[in-house]
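The values are calculated or read from the model by the stated rules, or taken from the named source; none is laboratory data. Values in this document were obtained by computation on a predicted structure and should not be read as measured data. Here Cβ is always computed from backbone atoms with ideal geometry, including for glycine, and neighbour counts include all displayed protein chains.
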Amino acid sequence: MIKLFDGGVYLHNGRNPENDYEKLCHEFASVPSPEEARKGTMACSILESHNIDPGGELLRLKFDSLASHDITFVNAIQTAKASGLKEFPVPYVLTNCHNSLCAVGGTINEDDHRFGLSAAKKYGGVYVPAHMAVIHQVMRELFAGCGKMILGTDSHTRYGAIGTMGIGEGGGEMVKQLLSKPYDIARPQVVCVYMTGKPSPGVGPQDVALALVGATFANGFVKNMVMEFVGDGISSLSMDFRNGIDTMTTETSCLSSIWETDEKTREYLETHHRGEDYRQLSPAEWAYYDRLIYVDLSKIKPMIALPFHPSNTYTIEELLANPGDILRKTELDAVSAVGRELKLTSKITPKGIRIDQGIIAGCAGGTFENIMAAGSIIGGRSIGQDEFSLSVYPASQPVMLALMDSGALRSLTMAGATIRTAFCGPCFGAGDVPFNDGLSIRHTTRNFPHREGSRPGDGQMASVALMDARSIAATAANGGYLAAADSEYECPPYVFDDSAYRSRIYNGYGNPQDVDLAYGPNIVDWPEIPSLTENMLLKVVTYIKDPVTTTDELIPSGETSSYRSNPLKLAEATLSRKDPEYVGRAKTVLGLEKERRSGNLPPELTGIYERLKTVVPSASSDNTGFSSVVYAIKPGDGSAREQAASCQRVLGGGANIANEYATKRYRSNLINWGMLPFTTEDAGKFENGDYIFIPGIRSIIENGGSEAKAYILKDDLIEISLSLGELTPDERRILLAGCLINDYRDN
């Protein structure tokens with residue numbers, strides 16, 4: 001099915017992966033060195049074409065277009081405005097597909113949308129109204145093209161199947177592009193994903209994607225690398241199929257993706273009236289990759305990812321054969337993940353595994369081909385009058401129109417499914433929340449804890465499993481009992497009708513207007529953030545021992561999303577599901593630090609600051625800032641939302657300490673908000689409530705250092721080592737300034 005090869009491989013003319021250099025040299029007159037052949041990858045070619053400093057050690061990238069949705073664009077624009085924004089330098093697409101439910105939180109969601117429209121007018125942007133399209137579908141339809149690069153403030157920014165390298169980052173990296181600053185990154189490793197064979201009947205893109213995620217996430221096989229898809233198997237896949245796999249590569253923790261292009265790519269772009277954006281992409285005659293993933297598409301079976309991660313994968317066949325053991329294991333895993341046992345084994349009945357809800361939605365599930373296949377499999381049969389329900393969200397209004405014309409929406413509606421507008425809510429817990437102890441199967445992108453909208457603290461708990469639209473439809477046709485799809489379906493040609501876009505999308509790129517930004521009562525400026533002091537005193541205010549901590553756990557998605565334009569209000573929810581006491585502890589530290597900055601060292605800190613002099617005699621309340629710090633083993637898996645870091649900063653956070661960071665984007669978010677991204681091997685020496693003193697940290701960063709000695713203030717001083725890892729010159733400057741806003745404002 002999927003085989004991993006941890007070692008370098010050559011491709012010759014894009015085929016026949018080979019890792020034996022000596023053998024190749026015997027067969028061919030000239031074989032380039034690995035260093036030279038690395039330049040033959042598609043990824044290297046595209047990255048270098050966007051690099052403004054070809055001779056530099058780092059890639060310094062400028063993107064062709066940018067995209068944000070309504071959970072992220074307000075803060076990004078506010079930050080850029082505070083940093084001197086005058087005009088959007090490239091097309092910046094503001095979509096409204098996350099906070100679309102404007103009944104939540106009063107007027108504030110629609111206030112954000114109105115702000116976005118005013119920003120598109122003021123700075124020359126593109127505004128996509130709510131319910132018109134999910135962010136990644138509209139970027140595929142209107143902006144992705146062969147050889148391009150797109151930056152988005154959403155982690156599933158992936159357009160590799162159309163020949164575009166998409167990267168998802170936090171708002172800070174978006175601000176840099178809005179201010180015509182580069183995106184700095186070390187040259188990433190490139191992994192060859194060699195696809196061969198043809199999918200079996202009933203197998204869809206989510207099945208292939210889940211198999212890939214299951215094989216690569218836990219072992220970090222492609223972490224922060226580029227996945228480059230090649231091989232004869234690609235030609236057997238439609239563009240919707242390729243896009244469905246591609247958008248899920250985010251869940252492998254890779255940096256980006258790119259695919260070979262062919263006549264199907266050309267037809268896709270021509271269908272979307274952009275034939276001029278096509279060019280053939282393929283590896284050079286010789287291309288060298290750091291690793292290889294070999295995928296035999298013919299051996300992929302219908303898959304399911306059980307709670308609480310897309311990598312918790314099984315074939316549906318093996319789950320149905322052994323439901324008791326597999327579901328019981330997931331129940332036990334849930335206790336450590338969310339502190340409560342799920343009731344999955346209660347779903348096992350004489351008829352099979354009972355499912356309570358099915359959803360097909362978003363950038364992964366809501367495509368034309370997925371929904372057409374689902375309609376064909378259900379075939380007009382009723383989904384039943386019991387608890388099982390089915391909701392279908394076409395990913396854009398053009399997809400909706402094509403489904404209307406095909407009759408698929410009529411047959412799905414007659415079967416009992418409900419048809420919704422383009423909305424990302426089911427992906428992050430803001431739509432179609434199941435009942436308590438319900439089990440939902442979804443063709444969406446994630447099934448992290450609480451992504452289904454439950455609130456364990458209030459006694460509410462539900463579960464999400466990820467599946468392909470085809471098997472969801474087979475389950476619906478089976479009366480709501482889990483089933484794997486096995487039928488073949490030929491999808492009719494897709495006709496792209498952009499009438500709705502032409503009627504409603506505002507395109508002001510290159511034509512900024514003299515208008516004011518439209519604010520609402522929930523849109524609040526960032527509070528003042530201090531610069532880094534010479535020394536740093538930290539207090540550990542939470543200590544997380546979970547193997548991985550997601551951004552959803554750092555700042556919950558779903559019901560809190562309405563407050564993402566209000567940094568202070570949103571911060572009240574920080575770590576609320578993981579450590580409800582965190583906010584109170586962090587606020588206490590922040591209050592003491594504000595007193596210190598005002599020149600009045602609080603009595604609670606007097607003795608502690610005196611102890612610092614035993615390490616550094618010059619340490620004082622004038623040159624030693626006081627901050628809170630979060631420790632987690634591996635924080636930052638999941639979303640690109642910068643608020644996972646900024647909420648800690650707003651509450652007085654000065655650093656994270658980790659064994660490692662789950663993603664580059666979370667580490668970048670910490671840096672852009674002035675929080676030091678420490679790693680350590682000494683985490684066992686401190687605990688929640690401890691004080692950690694880091695002398696001379698400002699000088700270390702100024703002088704190009706990354707390693708720091710720190711001291712835990714227990715009865716005796718305990719020395720530990722902290723590392724900042726590799727930092728670019730810009731990142732050092734941002735950390736010294738206290739945050740990206742300060743740096744750009746002051747420079």
> Is there a residue in region 577-586 that is under 29 Å from the mean Cα position of the chain (by Cα) and within 30 Å of Val134 (Cβ to Cβ)?
Replying inline: yes
> So which of Ala484, Ala500 is within 30 Å of Gly379 (Cα to Cα), out of contact with any Ser or Thr (no Cβ under 7 Å at 6 or more places or on another chain) and outside the structural domain of Phe448 (by TED's automatic domain parsing)?
Replying inline: Ala500
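Just checking, which of Phe626, Phe686 is surrounded by 24 or more Cβ atoms within 10 Å (Cβ to Cβ), assigned by TED's automatic domain parsing to the domain that holds Glu731 and farther than 30 Å from Leu151 by Cβ?
From the options Phe626, Phe686, the qualifying one is Phe626.
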> In region 199-217, what count of residues is obtained for those that are over 16 Å from the mean Cα position of the chain (by Cα), within 18 Å of Phe308 (Cβ to Cβ) and not in a helix (DSSP H, G or I)?
Replying inline: 0
> Inside region 4-111, counting only helices (runs of 4 or more DSSP H) that do not spill past its ends, which hold 2 or more residues that are assigned by TED's automatic domain parsing to the domain that holds Thr164?
Replying inline: 73-82
>> Quick check on region 689-738: of everything there that is part of a strand (DSSP E or B) and not aliphatic (A, V, I, L, M), which residue is nearest to Glu660 (Cα to Cα)?
In response: Ser723
> Which residue, of Asp290, Asp277, Asp232, is of a type in the set (D, E, K, R), touching a helix residue (DSSP H, G or I) at 6+ places or on another chain (Cβ under 6 Å) and on the phi < 0 side of the Ramachandran plot?
Replying inline: Asp277
> Quick check: anything in region 703-724 among the charged types (D, E, K, R) and in contact with a Phe, Trp or Tyr (Cβ under 9 Å, 6 or more places away or on another chain)?
Replying inline: yes
>> Among (1) of a type outside the set (A, V, I, L, M); (2) touching a His at 6+ places or on another chain (Cβ under 6 Å); (3) in contact (Cβ under 8 Å) with a residue 60 or more places away in the chain, there is one condition Asn96 misses while meeting the rest; what is its number?
In response: (3)
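When you check Arg242 against the structure, is it part of a loop (DSSP other than H, G, I, E, B), in the same structural domain as Thr41 (by TED's automatic domain parsing) and modelled with pLDDT of 95 or more, yes or no?
When the stated conditions are applied, Arg242 does not pass them.
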>> Given the options Ser411, Ser396, Ser406, name the one that is touching a helix residue (DSSP H, G or I) at 6+ places or on another chain (Cβ under 8 Å), touching a residue at least 12 places away in the same chain (Cβ under 8 Å) and under 18 Å from Ala476 (Cβ atoms).
In response: Ser411
>> Condition (residue is surrounded by fewer than 20 Cβ atoms within 10 Å (Cβ to Cβ) and under 18 Å from Cys192 (Cα atoms)) applied to region 237-260: is it met by at least one residue?
In response: no
> When region 567-589 is examined, which residues are found to be farther than 19 Å from Val335 by Cβ and in contact (Cβ under 8 Å) with a residue 60 or more places away in the chain?
Replying inline: Pro567, Leu568, Leu570, Ala571, Ala573, Thr574, Ser576, Val583, Ala586, Lys587, Val589
>> Here is a check on your reading of the model: is Arg274 surrounded by fewer than 18 Cβ atoms within 10 Å (Cβ to Cβ) and touching a residue at least 40 places away in the same chain (Cβ under 8 Å)?
In response: yes
> Can you spot a residue in region 422-430 that is at pLDDT below 95, in a loop (DSSP other than H, G, I, E, B) and farther than 30 Å from Glu553 by Cα?
Replying inline: no
>> Residues that are of a type outside the set (S, T, N, Q) and farther than 27 Å from Gln189 by Cα: does region 248-265 have at least one?
In response: yes
> Which of the residues spanning region 112-140 are under 15 Å from Ser396 (Cβ atoms) and part of a loop (DSSP other than H, G, I, E, B)?
Replying inline: Pro129, Ala130, His131, Met132, Val134
> Restricting region 533-567 to residues that are among the polar types (S, T, N, Q) and not in a strand (DSSP E or B), which is farthest from the chain's Cα centre (by Cα)?
Replying inline: Thr533
> For region 493-524, which residues satisfy the criterion of being surrounded by 13 or more Cβ atoms within 10 Å (Cβ to Cβ) and farther than 21 Å from Thr95 by Cα?
Replying inline: Tyr494
> Residues Ala82, Ala76, Ala67: which one is touching a residue at least 60 places away in the same chain (Cβ under 8 Å), closer than 16 Å to Tyr123 by Cα and surrounded by fewer than 21 Cβ atoms within 10 Å (Cβ to Cβ)?
Replying inline: Ala82
> Which residues, counting only those in region 450-473, are part of a helix (DSSP H, G or I), touching a residue at least 12 places away in the same chain (Cβ under 8 Å) and either outside the structural domain of Ile348 (by TED's automatic domain parsing) or surrounded by fewer than 23 Cβ atoms within 10 Å (Cβ to Cβ) (or both)?
Replying inline: Pro456, Gly457
> Taking region 92-112 as the region of interest, how many residues are surrounded by fewer than 24 Cβ atoms within 10 Å (Cβ to Cβ) and either out of contact with any helix residue (DSSP H, G or I) (no Cβ under 9 Å at 6 or more places or on another chain) or among the acidic types (Asp, Glu) (or both)?
Replying inline: 3
> Any chance region 692-706 includes a residue that's farther than 21 Å from Asp743 by Cβ and within 31 Å of the chain's Cα centre (by Cα)?
Replying inline: no
